[in-house]
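As C-alpha cells, the structure follows; a few thoughts come after it.
The values are calculated or read from the model by the stated rules, or taken from the named source; none is laboratory data. These numbers were taken from a predicted model, which means no experiment stands behind them. Here the Cβ is made from the backbone with ideal geometry for all residues, glycine too, and neighbour counts use every protein chain on show.
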Amino acid sequence: MTSVTIIRKGEKKDIPSLLTLIQELATYEKQPDAVVVTEEILMNDGFGANKIFEFFVAELEGKVVGIALYYAKYSTWKGRCLFLEDIIVEEQYRNRGIGKKLMDEIVKTAEAQKVKRLEWQVLDWNEPSIAFYKKYKTIFDGEWINCKLEWE
C-alpha cells in the first residue's frame with residue numbers, strides 16, 4: 001500500500017481535480033446531475049477578490065486523490081467557527097488513511113485559527129462516513145433540522 005506523499009493547501013492548478021472529485025461525490029450521494037458549479041466559479045470563489053473557501057488536497061505520486069473544502073462561519077453564541085463542506089477521497093483510494101490525514105489537517109487549522117467550533121454534515125445513510133467521524137468524538141446533533149432555499 002502506497003501512502004499519501006503530500007497534504008497541502010489547494011492551489012489554482014488543483015481546480016480541475018477539485019471539480020472532478022465534487023462530481024464523484026455527487027454520484028456517490030445519488031445526485032450526479034446536481035452539480036452546477038464550474039471550474040470558473042470555483043476559481044473565482046476560491047482565489048478571487050472575495051475568496052469564500054479554502055481547501056486541502058491529498059496528493060499521491062503527484063495525483064490529487066482527495067480534497068477537504070472548508071470556510072469560515074460565524075455563530076452568534078460562540079463566535080468564529082469553521083465549516084467543513086466536504087472531505088472527498090477518490091473511490092479507489094479510500095480506506096488508506098487519506099480521509100484521516102485530510103480531517104486531521106482541518107482540525108489543526110481550526111485549532112490554529114482558535115475557532116470555537118468545527119462543523120459539518122453527514123447523510124444519515126452514509127454509514128462509512130458516520131463510523132469515520134465517530135473516531136473524532138463527534139457530537140451528532142439530532143435536534144437541528146437543515147433548512148435551505150435554492151435558486152437556479
query: Does residue 140 meet the test of being within 25 Å of residue 64 (Cα to Cα) and among the aromatic types (Phe, Trp, Tyr)?
result: no
Residue in the range 74-82 that is surrounded by 15 or more Cβ atoms within 10 Å (Cβ to Cβ) and in contact (Cβ under 8 Å) with a residue 24 or more places away in the chain present: yes
query: Which residues, taken from the range 39-65, are assigned to a loop (DSSP other than H, G, I, E, B), surrounded by fewer than 14 Cβ atoms within 10 Å (Cβ to Cβ) and either among the acidic types (Asp, Glu) or within 17 Å of the chain's Cα centre (by Cα) (or both)?
result: 51, 52, 61
task: Please verify whether the range 51-65 includes one or more residues that are in contact (Cβ under 8 Å) with a residue 60 or more places away in the chain and at negative phi.
output: yes
- line: Of the residues in the range 121-134, those that are closer than 22 Å to residue 104 by Cα and part of a loop (DSSP other than H, G, I, E, B) come to 121, 122, 123, 126
message: Restricting to the range 62-81, give me the number of residues that are of a type outside the set (A, V, I, L, M, F, W, C) and closer than 15 Å to residue 107 by Cβ.
response: 1
query: Taking residue 83, is it aromatic (Phe, Trp, Tyr), outside any helix (DSSP H, G or I) and closer than 19 Å to residue 138 by Cβ?
result: yes
- request: Return a yes/no flag: does the range 66-73 have any residue that is in a strand (DSSP E or B), surrounded by fewer than 17 Cβ atoms within 10 Å (Cβ to Cβ), over 17 Å from the mean Cα position of the chain (by Cα) and not aromatic (Phe, Trp, Tyr).
  value: no
message: Please verify whether residue 91 is surrounded by 15 or more Cβ atoms within 10 Å (Cβ to Cβ), in contact (Cβ under 8 Å) with a residue 24 or more places away in the chain and closer than 25 Å to residue 30 by Cα, treating the condition exactly as stated.
response: no
- prompt: Of these, 114, 137, which one is in a loop (DSSP other than H, G, I, E, B), modelled with pLDDT under 90 and loosely packed, with under 13 Cβ neighbours inside 10 Å?
  reply: 137
query: Would the range 20-34 turn up any residue that is farther than 20 Å from residue 126 by Cβ, of a type in the set (A, V, I, L, M) and either out of contact with any Phe, Trp or Tyr (no Cβ under 9 Å at 6 or more places or on another chain) or crowded, with 16+ Cβ neighbours inside 10 Å (or both)?
result: no
- request: Please determine, by comparing only the residues of the range 86-99 that are in a loop (DSSP other than H, G, I, E, B) and not charged (D, E, K, R), which one is nearest to residue 59 (Cα to Cα).
  value: 97
